[in-house]
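Student: Sharing a structure with you now.
Values quoted throughout were computed directly from the atomic coordinates according to the rules given, and no laboratory measurement underlies them. All values reported here derive from a predicted model rather than from experimental measurement. In this analysis, Cβ positions are derived from the backbone assuming ideal geometry, glycine residues included, and neighbour counts consider all displayed protein chains.
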Amino acid sequence: MRKIIIISISIIIGMIGACTKATNDMEVKRILDTKALLGEGPIWNYETQQLYWVDIEKRQLHLYTPEVNEDTFFDTGERIGTVVPIESGGALVALENGIHSMDLTDGSLTLITNPLEDSIRFNDGKCDPVGRFWVGSMHLKGEKNAASLYMMDDQQQITQKLDSVTVSNGIIWSLDNKTMYYIDTPTRQVRAFDYDISTGELSSPSVVITVPQENGAPDGMTIDEEGMLWIGHWGGSMVGRYNPETGELMQKIEVPALNVTACAFGGENLDKLYITTASIGMSEEQQQEYPQAGGLFVVEPGVKGVPADFYRGLKNG
């Protein structure tokens, strides 16, 4: 049985520092001061009204419940790249030693599969609109083109879909389910693939967004109800809203953390944008400049998201 720890946010709220103003005078608030080393992978469970997110380097899965102001986390024992809820209950977690199902009552893990080679770990991932789990990987030392993108279907069969990846990150599907958007962070690009929803096959890749160096590098990604992409910028202190049809940066939300990793729409009406950040790898000067790094932030961006897709391949959680 794994340890479950509850943090009272009523205490944390009293320690919340200054907030920042984003474009359109939107207020970005830090709601958790966990000082995450590598906060990542936020996803809103609309059934339980909780935000799932991970701290990769602390090897923790977090469940944040806004209604009661509590953050619960489980010690996963290995680096955890991402998490998605399972439709029948529990969660699917991609750990350094494979994909597992997790019982969220006690944190116990059950191994499903592990296609990874030594020195490779899982990173970001999500489920597609029919409940297949897509998850990418990266080399522990950042070796170029050493990683892959995988798809695990509802029979727990896993297939490599892309190779020669360096740091597999953001992934999301268009509202009509015909396009998959994908980020390999060092390329500074978002690629679009034609997507066959019936088979999960990818074709006709094209670059739809290129992030300039001064804005950092694209990391985690989500989509809103208007089909626009929201991307966390590693090294850019921002979340950007992009039009994938034109590549235009439509909106910029400034975040008081250097390395913004990912974002997810949540709340009862999916009108809040939760933002994860990292504190790892910062110089002493950067730590002084960004004292809120590693926090969990929220903003009301003026547009709603869409419900997250859950994994549909396990019937017993």
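Student: For V207 and N269 in one chain, what is 0.36 nm times their gap in residues minus the Cα-Cα distance, to one decimal in nm?
Tutor: 19.1 nm
Student: May I ask which residue of Y182, I56, M221 lies farthest towards the positive end of the charge dipole of the chain, with charges of +1 (Lys, Arg) and -1 (Asp, Glu) on Cβ and the Cα centre as origin?
Tutor: I56
Student: Test of the criteria: in region 207-311, which chymotrypsin sites (Phe, Trp or Tyr not before Pro) are in a DSSP loop and have at most 13 other Cβ atoms within 10 angstrom of their Cβ? Don't skip to the answer; put the middle values down first.
Tutor: Values: sites: W230, W234, Y242, F265, Y274, F297, F310, Y311; in loops: F310.
Loop-located and lightly packed - none at all.
Student: So, one more: Between E289 and N69, take the C-beta separation as r, use R0 = 25 Å, and let me know the FRET efficiency to the nearest 0.05.
Tutor: Values: r = 29 Å, r/R0 = 1.15.
So the FRET efficiency works out to roughly 0.30.
Student: Provide the net charge surrounding P115, with neighbours chosen by a C-beta distance below 14 Å and charges set as Lys +1, Arg +1, Asp -1, Glu -1.
Tutor: -3
Student: So, one more: Compute the length gained on full extension between E248 and S108: take 0.36 nm times their separation in residues and subtract their Cα-Cα distance, giving the result in nm to one decimal.
Tutor: 46.0 nm
Student: Another question, then. Charges at C-beta only: +1 for Lys and Arg, -1 for Asp and Glu. How large is the resulting dipole of the chain about its Cα centre, in Debye rounded to 20? Intermediate values should be presented prior to the final figure.
Tutor: Numbers: 24 positive and 44 negative charges, 74 e Å.
Charge dipole of the chain: 360 debye, to the nearest 20.
Student: Now a separate question. Output wanted: per-residue J couplings in Hz (rounded whole) for region 148-155, from phi through Karplus 6.51 cos²θ - 1.76 cosθ + 1.60, θ = phi - 60°, x for Gly and Pro.
Tutor: 8, 10, 10, 10, 10, 7, 6, 9
Student: Nothing charged except the Cβ atoms of Lys and Arg (+1) and of Asp and Glu (-1): what's the magnitude of the dipole of region 74-187 about its Cα centre? Round to the nearest 20 debye. Please report the intermediate quantities before stating the final value.
Tutor: Numbers: 8 positive and 16 negative charges, 70 e Å.
Taking the Cα centre of region 74-187 as origin, the dipole is about 340 debye.
Student: Here's something else I'd like to know. Within region 63-151, which trypsin sites (Lys or Arg not before Pro) sit in a loop by DSSP and count at most 13 neighbouring Cβ atoms inside 10 Å?
Tutor: Details: sites: R79, R121, K126, R132, K141, K144; in loops: R79, R132, K141, K144.
Passing both the DSSP loop test and the Cβ count: K141, K144.
Student: Does region 86-142 come out rounded, prolate or oblate, given a ≥ b ≥ c as the square roots of the eigenvalues of its C-alpha gyration tensor, rounded meaning a/c under 1.5 and, failing that, prolate meaning a/b above b/c?
Tutor: Numbers: a/c = 2.50, a/b = 1.43, b/c = 1.74.
Oblate shape, in that a/c is at least 1.5 and b/c is the bigger or equal ratio.
Student: Taking square-rooted eigenvalues a ≥ b ≥ c of the alpha carbon gyration tensor, is region 175-314 rounded, prolate or oblate, where a/c under 1.5 means rounded and, failing that, a/b exceeding b/c means prolate? Mind dumping the intermediate values first?
Tutor: On the way: a/c = 1.88, a/b = 1.47, b/c = 1.28.
Taking the square roots of the gyration eigenvalues as a ≥ b ≥ c, region 175-314 is prolate.
Student: Another question about this same structure. Taking the Cα centre of each part, how many Å lie between region 99-159 and region 267-313?
Tutor: Going from one Cα centre to the other spans 22 Å.
Student: Another question, if that's okay. Give the residue from I209, T82, H139 lying farthest towards the positive end of the charge dipole for the chain; charges sit on Cβ (+1 for Lys and Arg, -1 for Asp and Glu) and the dipole is referred to the Cα centre.
Tutor: H139
Student: Continuing with the same structure: Going by the alpha-carbon gyration tensor, a ≥ b ≥ c the square roots of its eigenvalues, is the chain rounded (a/c under 1.5) or, if a/c is not under 1.5, prolate (a/b greater than b/c) versus oblate?
Tutor: Verdict is rounded for the chain.
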